[in-house]
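What follows is a set of notes on a single structure, which appears directly below.
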Amino acid sequence: MLREKTTILLLLLFAFVLLNGCGKKEETGKNTVGDKKELTNAGDQKAPETQNKSNELGITEGLPKDYPSEVPQPKNAKCLGSLNTSEGTTVTFESNERPRDIMADFASNVEKSGYKKGEGEMMNDDGGMSLWNKDKKEVSIMLAWDKEKKISSIVVTYK
């Protein structure tokens, strides 16, 4: 089961990274990952809610309206979008922070909300993943460092 979830999450992470790296991007003056000063910590400001715009893969822009308040948003991250699957809601973020820093902050905050760390955490300087449980709820995070762009891609899944 964990292997299936890991495979699904890795495929989703790959799809989000692929979609963000391809195609023409418009300059909108909004927060960009390259401008570290404009990224905000989740505790400072909540990302704008989605307006139900989705692309051809069903990925909806922005933070889902039902994003649980007890699940922290990754440190200094920009929300890219979300996707509802049979495994839960998957939300993608980007950050200039390194994966270990993001993981440490996320773990601390999700555990403050009463979640307990599950088995199978994998983490190194280039990324990793971890899982937490609380009653019948589950939260996982996957991180990957892009050495060329110097950004972390983050996938948070909750159900």
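The values are calculated or read from the model by the stated rules, or taken from the named source; none is laboratory data. Only a predicted model underlies this, so the values are computations on that prediction, with no experimental measurement involved. Here the Cβ is made from the backbone with ideal geometry for all residues, glycine too, and neighbour counts use every protein chain on show.
Take the residues in the stretch 37-78 that are of a type in the set (Gly, Ala, Ser) and loosely packed, with under 15 Cβ neighbours inside 10 Å; name whichever of them is modelled with the highest pLDDT. Among residues in the stretch 37-78 that are of a type in the set (Gly, Ala, Ser) and loosely packed, with under 15 Cβ neighbours inside 10 Å, the one modelled with the highest pLDDT is Ser69.
The residue pairs whose first member lies in the stretch 108-126 and is free of Cβ contacts under 8 Å to residues at least 40 places away in the same chain, whose second member is exposed (fewer than 14 other Cβ atoms within 10 Å of the Cβ) and part of a loop (DSSP other than H, G, I, E, B), and whose beta carbons are closer than 8 Å, counting only pairs six or more residues apart or on different chains, are Asp126/Lys147. Taken over the stretch 99-139, residues that are buried (at least 18 other Cβ atoms within 10 Å of the Cβ) and in a loop (DSSP other than H, G, I, E, B) amount to 1. The C-beta contact set for the stretch 141-159 (first residue of a type in the set (D, E, K, R), second residue surrounded by fewer than 21 Cβ atoms within 10 Å (Cβ to Cβ), distance under 6 angstrom, 6+ apart or interchain) comprises Lys159/Gly88; Lys159/Glu138.
Name the single residue, out of those in the stretch 86-98 being assigned to a strand (DSSP E or B) and touching a Leu at 6+ places or on another chain (Cβ under 8 Å), that is surrounded by the fewest Cβ atoms within 10 Å (Cβ to Cβ).
Restricting attention to the stretch 86-98, the residues satisfying the condition of being assigned to a strand (DSSP E or B) are 88-95.
Going one step further and asking which of them are touching a Leu at 6+ places or on another chain (Cβ under 8 Å), we end up with 89-95.
Numbers: Thr89: 18, Thr90: 25, Val91: 27, Thr92: 25, Phe93: 27, Glu94: 24, Ser95: 23.
Looking at residues that are assigned to a strand (DSSP E or B) and touching a Leu at 6+ places or on another chain (Cβ under 8 Å), I get Thr89.
Select, from Ser152, Ser130, the only residue that is within 14 Å of the chain's Cα centre (by Cα), over 21 Å from Glu87 (Cβ atoms) and polar (S, T, N, Q). Reasoning before the result, please.
Numbers: Ser130 fails: over 21 Å from Glu87 (Cβ atoms).
Unique residue meeting the criteria: Ser152.
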